Structure formats: C-alpha cells, structure tokens
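The values are calculated or read from the model by the stated rules, or taken from the named source; none is laboratory data. From a predicted model like this one, the values you see are computed outputs, not experimental measurements. Here the Cβ positions follow ideal geometry from the backbone for every residue, glycine too, while neighbour counts run over all protein chains shown. The protein model used for the area step is the full one, side chains on, heavy atoms only, and it has no ligands, DNA or RNA in it. Shrake-Rupley method; radii C 1.70, N 1.55, O 1.52, S 1.80 Å.
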Amino acid sequence: MLLGKVVGTLVATRKEPSLEGLKFLVLKQIDIEGKETGGYLVAADAVGAGVAEVVLYATGSAARQTKVTHQRPCDGVIMAIVDTLEVNGVVKYDKVEAD
Amino acid sequence: MLLGKVVGTLVATRKEPSLEGLKFLVLKQIDIEGKETGGYLVAADAVGAGVAEVVLYATGSAARQTKVTHQRPCDGVIMAIVDTLEVNGVVKYDKVEAD
Amino acid sequence: MLLGKVVGTLVATRKEPSLEGLKFLVLKQIDIEGKETGGYLVAADAVGAGVAEVVLYATGSAARQTKVTHQRPCDGVIMAIVDTLEVNGVVKYDKVEAD
Amino acid sequence: MLLGKVVGTLVATRKEPSLEGLKFLVLKQIDIEGKETGGYLVAADAVGAGVAEVVLYATGSAARQTKVTHQRPCDGVIMAIVDTLEVNGVVKYDKVEAD
Amino acid sequence: MLLGKVVGTLVATRKEPSLEGLKFLVLKQIDIEGKETGGYLVAADAVGAGVAEVVLYATGSAARQTKVTHQRPCDGVIMAIVDTLEVNGVVKYDKVEAD
C-alpha cells in the first residue's frame with residue numbers, strides 16, 4: 001500500500017453500471033515524509049474519507065477486496081485512514097495534530 | 001484509476017477470437033491539471049466514449065470486470081466518462097464547458 | 001494494451017512443462033508515433049505474429065486469457081495484429097502500406 | 001519479490017473491517033547491495049518482522065496468499081525475513097552479523 | 001516476460017509456512033543486448049536454474065502458475081532457461097557458447 005492525500009472528487013454519470021453508487025476521490029501520492037511524489041490516483045472510497053485526509057490505498061486486484069468494490073472495474077481503493085505514521089522512532093504524521 | 005483523453009482508434013482483424021466486437025480506443029494519459037504525461041494506452045471501450053472525451057480507465061485484472069471485457073485478454077478499459085473533476089475546491093474539468 | 005514491434009524469437013527447452021508448445025516472441029515497445037520507447041518484452045504469441053509486424057500486447061493476468069496461455073506462467077501475450085492506428089484524424093500506421 | 005528494510009509502523013483505526021488485526025509496517029526498498037532505492041511501501045506483516053530487519057516482500061495478488069491477508073484489500077506483504085543474501089559469491093547480508 | 005541473469009541466492013528460515021522448500025534466486029534484469037538494466041528481482045526457481053544462467057521470468061499472478069509456486073505468496077518466478085535469443089536475425093545469446 002502507498003500513502004495518499006485526498007485532494008478532490010470526480011463525478012461520472014456515464015459509466016459501467018456496476019460502478020453506480022461508488023464514490024471516486026482524487027489522491028496525490030505522498031512519501032513517508034508527507035511530501036508529494038508527483039503522482040496521482042483516482043480511487044474508490046471504501047472508508048468515508050474526506051478532502052485533506054491522509055489515507056492508505058491499495059491497487060490492482062486488491063482494490064476489489066472491499067464491500068463497495070467487489071467485482072467492479074476498479075483498480076484503486078482507499079482502504080484505511082491513517083491515524084499515525086512513525087518512522088525510525090519519529091512520528092511523521094498524527095491525524096489528531098493534523099486535524 | 002487514471003485519467004485519459006481519447007485521441008484515436010485501433011483496428012485489428014487478426015486477433016484472439018474472444019476479442020471480436022470489442023472497440024479499441026487510443027488514450028493519452030493526462031494528469032489532474034489536464035496535461036499530457038507522455039504515456040498512452042490502447043483500451044477497450046465499455047462506455048461508448050468518443051474522440052476528445054476525458055475518461056477514467058482501469059488497468060490490470062480490473063479491466064476484465066465489465067460486460068464487454070469479461071474473460072478476455074484485455075488489460076485496460078475505459079469504465080467511465082468524466083463529467084467533472086474538482087481539486088482543492090477548483091473545477092479542473094467540466095464536460096459541459098469542454099463540449 | 002500497448003503497441004510492440006516483433007523483432008525476434010526466444011527458444012527455451014528447459015522450462016515449466018505447461019509452457020511446452022508456446023511460441024515466445026521478442027517485442028520492442030513502441031509509442032503511438034511508431035517510435036521505440038526503449039522497453040522490450042518477451043511475449044507468448046496467440047495470433048501467429050511474425051517478425052516486423054506491429055502488434056498489440058496485454059500484460060498481467062490478462063495474458064492468460066487466451067487459448068494458448070490459459071493457466072500458464074505467462075505474463076505477456078500478443079493478442080492482436082494491428083491493421084490501422086489512427087490518432088487525431090491521422091493514420092499513424094497502416095499494415096497494408098507497411099507490408 | 002524485492003528486498004526491504006523495516007523502518008516504521010502505521011496505525012489506522014478507520015479501515016475496511018476485514019483489515020482488523022493486520023499489522024502494517026513501513027518498508028524502505030533496498031537493492032542487493034543494501035542501499036535504499038528511494039521507494040517505500042506500507043506492507044502487511046505475515047511473519048512477525050521488527051524494525052531494522054531486512055525482509056522480502058511480495059506485491060500484487062501474491063500479497064493475499066498468506067493466512068493473515070487472504071481476501072483482504074492488501075497489495076503488499078512481508079512474507080520472509082532474510083537470513084543471508086549472497087551475490088556473485090559474496091555475502092551481501094547476514095542477519096547474524098547485522099543483529 | 002523479461003530476461004534475467006542469475007547472480008545469487010537468498011536464504012530465509014522465518015517465512016510464510018507455504019514457502020517451505022521454495023528456492024529463491026537473485027536475478028539482475030538484462031535487456032535484449034544482454035546488458036544489465038539496473039533492476040533486480042528475487043524470484044522463485046521453478047526450473048532448476050543456476051548462477052550465471054540467463055533465464056526468463058514472469059511476475060504478478062503468472063508467478064503462481066507453476067507447480068512449486070501455486071497458491072504461495074510469490075510474485076516472481078523463473079519459468080524457463082534461455083537457449084537462444086535472436087533479434088533482427090542476429091543471435092544475441094546462445095547458451096552453448098556462453099557455457
């Protein structure tokens with residue numbers, strides 16, 4: 001899994017019917033220092049994430065292993081909202097402080 | 001999923017038989033600012049997309065989770081046509097304005 | 001899917017038994033202008049492609065969705081031979097002219 | 001599989017329910033000389049790895065082939081802790097010496 | 001599939017139980033000219049490959065389609081040992097000459 005920051009939303013009415021009801025969020029990929037890496041992803045939201053939150057996302061077939069994405073043409077899903085990230089004994093991100 | 005812009009079509013008569021009837025579109029990958037990233041993809045079309053439209057595409061095994069691509073040797077599919085893309089409160093793309 | 005040009009062949013007698021009879025072709029990846037991108041792939045041939053032909057190939061689990069590659073340890077397959085590629089109204093490749 | 005060094009932990013309470021109980025570790029990718037390559041991964045831990053250990057991780061659908069990750073939305077797993085790595089007759093890593 | 005050269009071995013005693021008995025080899029990726037590309041992979045060995053041999057490897061779910069890797073958390077497998085590689089009519093590699 002990689003880290004992302006939710007920065008936006010995408011709306012699409014003409015789509016594969018099985019995608020009806022799925023919420024698409026726009027993520028900027030970030031590294032473990034919280035810096036943007038330049039990449040982005042449009043991911044399905046399985047956890048009720050909101051703009052500005054730091055999340056964990058899975059890609060590939062793993063993205064279909066949630067209730068909302070099962071058997072749908074979806075290759076990226078937000079499957080967790082990050083509370084804390086600690087690297088080499090240093091807290092790099094703490095959701096309580098960030099909020 | 002990533003964003004793409006439909007720029008062309010590909011025709012192939014000699015192919016795996018299961019691909020008969022599938023429409024192949026040529027996409028240029030774009031980022032969330034609408035800029036081309038340099039990459040391209042030939043994707044199956046599951047939603048009736050047309051040239052110049054901004055679409056969302058899925059790759060990998062997710063690309064076989066549509067009615068037209070099920071169990072076919074296809075690793076990329078257009079599964080939605082983008083209506084609006086909003087990033088950090090700014091509308092980056094609006095299909096109505098673009099049309 | 002991506003575009004490739006068949007440039008060679010690979011022979012391997014010591015291999016996983018299920019691969020017996022599968023033909024391996026060497027592809028150079030090309031972009032939609034027909035330029036080589038620097039990448040290559042050794043792909044199974046599902047369509048009887050020949051050296052110098054421009055083909056479409058699929059990777060990942062999609063590569064096992066052909067009759068010759070089903071349930072085999074193969075992650076790349078040529079699933080179509082390109083007839084024409086048209087981008088922004090311009091024919092970038094036409095097999096009849098190329099032959 | 002690729003080599004990684006465990007450098008931290010990630011805690012997430014709001015997540016897909018099936019992920020309950022899974023431990024997420026932060027890895028820095030390393031090459032066969034033990035140098036960091038710049039990449040990272042948040043991986044599920046299937047083997048009880050600890051910070052500073054050199055591990056082997058698998059990505060994609062392979063990451064769901066362990067007892068703790070089966071059918072979960074997880075695309076990276078630590079499936080082995082490296083004892084020794086030998087390249088061209090030279091021991092590049094030996095866990096006993098490193099500990 | 002891509003080409004690799006076997007350069008070493010990896011030993012891991014603490015691992016997912018299903019991996020017991022699997023041999024891990026270290027590969028350097030090479031291109032069709034036989035030059036190292038800078039990448040590496042730790043792959044399961046399905047064909048009895050040895051150090052210095054040029055091999056073909058598959059990644060992703062294809063890596064689980066051999067007898068030794070079936071349903072195991074393994075994302076890379078050596079599935080063939082290359083005998084000859086011919087590109088544009090020139091033999092780029094011949095195992096008999098290399099041995």
Given the structure, is residue D:91 more than 9 Å from every other protein chain (Cβ to nearest Cβ), part of a strand (DSSP E or B), modelled with pLDDT of 95 or more and over 28 Å from residue E:62 (Cβ atoms)? yes
The stretch C:18-37, subset closer than 23 Å to residue E:63 by Cα and among the charged types (D, E, K, R), residue nearest to the other protein chains (Cβ to nearest Cβ): C:28
Going by what's in this entry, would residue A:40 be described as in a strand (DSSP E or B), without any contact (Cβ under 8 Å) to a residue 40 or more places away in the chain and either under 21 Å from residue B:63 (Cβ atoms) or at the interface with chain D (Cβ under 9 Å from one of its Cβ atoms) (or both)? yes
Do we find that residue A:4 is out of contact with any Pro (no Cβ under 9 Å at 6 or more places or on another chain), among the small types (Gly, Ala, Ser) and either at pLDDT below 95 or not in a strand (DSSP E or B) (or both) in this structure? no
Across the stretch C:58-77, what is the total count of residues that are facing chain B (nearest Cβ under 9 Å) and closer than 23 Å to residue B:29 by Cα? 7
Within the stretch A:66-77, can one find any residue that is outside any loop (DSSP other than H, G, I, E, B) and of a type in the set (Asp, Glu)? no
Odd one out for residue D:4, checked against (1) within 22 Å of residue A:32 (Cβ to Cβ); (2) without any contact (Cβ under 8 Å) to a residue 60 or more places away in the chain: (2)
Filter the stretch B:22-53 for residues that are under 14 Å from residue B:77 (Cα atoms) and among the hydroxyl-bearing types (Ser, Thr, Tyr) and give the result. B:40
Condition first: part of a loop (DSSP other than H, G, I, E, B) and open to solvent by 30 Å² or more (accessible area, probe 1.4 Å). Now tell me which residues in the stretch A:49-65 satisfy that. A:51, A:52, A:65
Filtering the stretch A:14-28 for residues that are closer than 19 Å to residue A:67 by Cβ and among the hydrophobic types (A, V, I, L, M, F, W, C) leaves a count of 4
Would you check if there is a residue in the stretch B:75-96 being in contact with an Asp or Glu (Cβ under 8 Å, 6 or more places away or on another chain), farther than 22 Å from residue A:40 by Cα and open to solvent by less than 30 Å² (accessible area, probe 1.4 Å)? no
Out of A:59, A:9, which single residue is among the β-branched types (Val, Ile, Thr) and farther than 19 Å from residue B:90 by Cβ? A:59
Of everything in the stretch E:1-17, what is open to solvent by 10 Å² or more (accessible area, probe 1.4 Å) and more than 7 Å from chain D (Cβ to nearest Cβ)? Give them in sequence order. E:2, E:5, E:17
